[in-house]
1. Go through the stretch 185-213 and give me each residue that's among the hydrophobic types (A, V, I, L, M, F, W, C) and within 18 Å of residue 62 (Cβ to Cβ).
2. Kindly establish whether residue 132 is surrounded by fewer than 19 Cβ atoms within 10 Å (Cβ to Cβ), modelled with pLDDT of 85 or more and of a type in the set (A, V, I, L, M, F, W, C).
3. For the stretch 223-236, check the following and say yes or no: at least one residue is of a type in the set (Phe, Trp, Tyr) and surrounded by 13 or more Cβ atoms within 10 Å (Cβ to Cβ).
4. Just to verify a result, which residue in the stretch 196-205, among those that are surrounded by 12 or more Cβ atoms within 10 Å (Cβ to Cβ), outside any loop (DSSP other than H, G, I, E, B) and not hydroxyl-bearing (Ser, Thr, Tyr), is nearest to the chain's Cα centre (by Cα)?
5. Kindly evaluate residue 41 against the criterion of being crowded, with 17+ Cβ neighbours inside 10 Å and either of a type in the set (Val, Ile, Thr) or within 13 Å of the chain's Cα centre (by Cα) (or both).
6. Those residues that are within 20 Å of residue 189 (Cα to Cα) and part of a loop (DSSP other than H, G, I, E, B), I need them from the stretch 136-159; list them, please.
7. Just checking, which of 272, 282 is at pLDDT below 60 and within 29 Å of residue 52 (Cβ to Cβ)?
Amino acid sequence: RQHRSIFDRPFCVSLSEQSPWGRDRGKFMESMIVGDVAELTDNQGTLTLFTNDKGGMNDDLIVTKTDQGYLYVVSNAGCADKDSANMKVTRLAECKAAGHGVDLEFLEECLIAVQGKFSFGPSMAQVLQSGLTDDLSKLTFMTSTLATVFGIQGCRLTCCGSPGEDGVEISVPKSGVVAVTEHLLANSEVKLAGLGARDSLRLEAGLCLYGNDIDESTTPVEATLLWTIGKRRRQAKDFPNAEIILPQIKAKTARKRVGLVSSGPPVRQHTPILRVMVAPPPALKQNIAMGYVDAPYAKNGTPIQVEVRKKPVVTKKPFMPTNYYSGQ
């Protein structure tokens, strides 16, 4: 897998702590997500979920507690309208009416992701480090910092490997995104790649894509995403729609997200029996897919019949081991 610079437009939200408007920013955010914001250390982020009144997922997002006194939130661009409506129109109004101190700022920024298998090896580190004054090796998995990138001030670097590999996502002010992209592409190690390439990488890592593997009708238990629910919040049963989601842990669900491997023709999207996403991965020699099966058939090694000429087999995820940078 080559090093990739992937261009996207994120939906970003900043929850300020400009006293008294930001004192309750953590409570405000936790009123909508399953994650534990209170346990985050400065400049640490977490993947979490917006849930709805049926226990389904309205979106997945990353919330970072910055040392500048605000929460930095990035959710899917495709869900920007419903996310902003829920946060600003519904929840913000409710919190302010209750006397809580919180405010929102919607940022006009672009996102560039530089990612690849050998992140923080010679190539990836040199590509970014040449444009930074900060030491990139200090930025470990799921941490974030403000920096000047190739002369563009006010960029936020976040070490998060959404395709299952280490990489840095750079949130850049709109006025500077072309300059940063051109500086990156000036290095022969960097190649532009579309979202299709990124999609194959996240599939190898067994990671979900919102709107494809998870949606408003899918619960975290069905999607095997219980790890996104903070331990404290699970014990307190205080995250949104906990009364629906938590009982599913003991009672089990009728279906479960699994990984599949197969030989022969690949299993395509929406193949009968399973709802799957499959692609011939660049680093593996067999077809892989993810889909939902009846829970009794979700055990590793179970053959699954679908409408192709071969039988896929349930396998453990991720298909390829992740390679996140921990500073070691």
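The values are calculated or read from the model by the stated rules, or taken from the named source; none is laboratory data. The structure displayed is predicted, hence computed values, not measured ones. Glycine also receives a Cβ, built like all others from the backbone with ideal geometry; neighbour counts cover every protein chain displayed.
1. Within the stretch 185-213, 195, 201, 205, 207, 208, 209 qualify.
2. So residue 132 passes the test.
3. no
4. 202
5. So residue 41 fails the test.
6. 150
7. Answer to the selection: 272.
Per-residue answers, yes or no, for (1) in contact (Cβ under 8 Å) with a residue 12 or more places away in the chain; (2) on the phi > 0 side of the Ramachandran plot; (3) not aliphatic (A, V, I, L, M):
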site	(1), (2), (3)
157	yes, no, no
182	no, no, yes
186	no, no, no
226	yes, no, no
232	yes, no, yes
235	no, no, yes
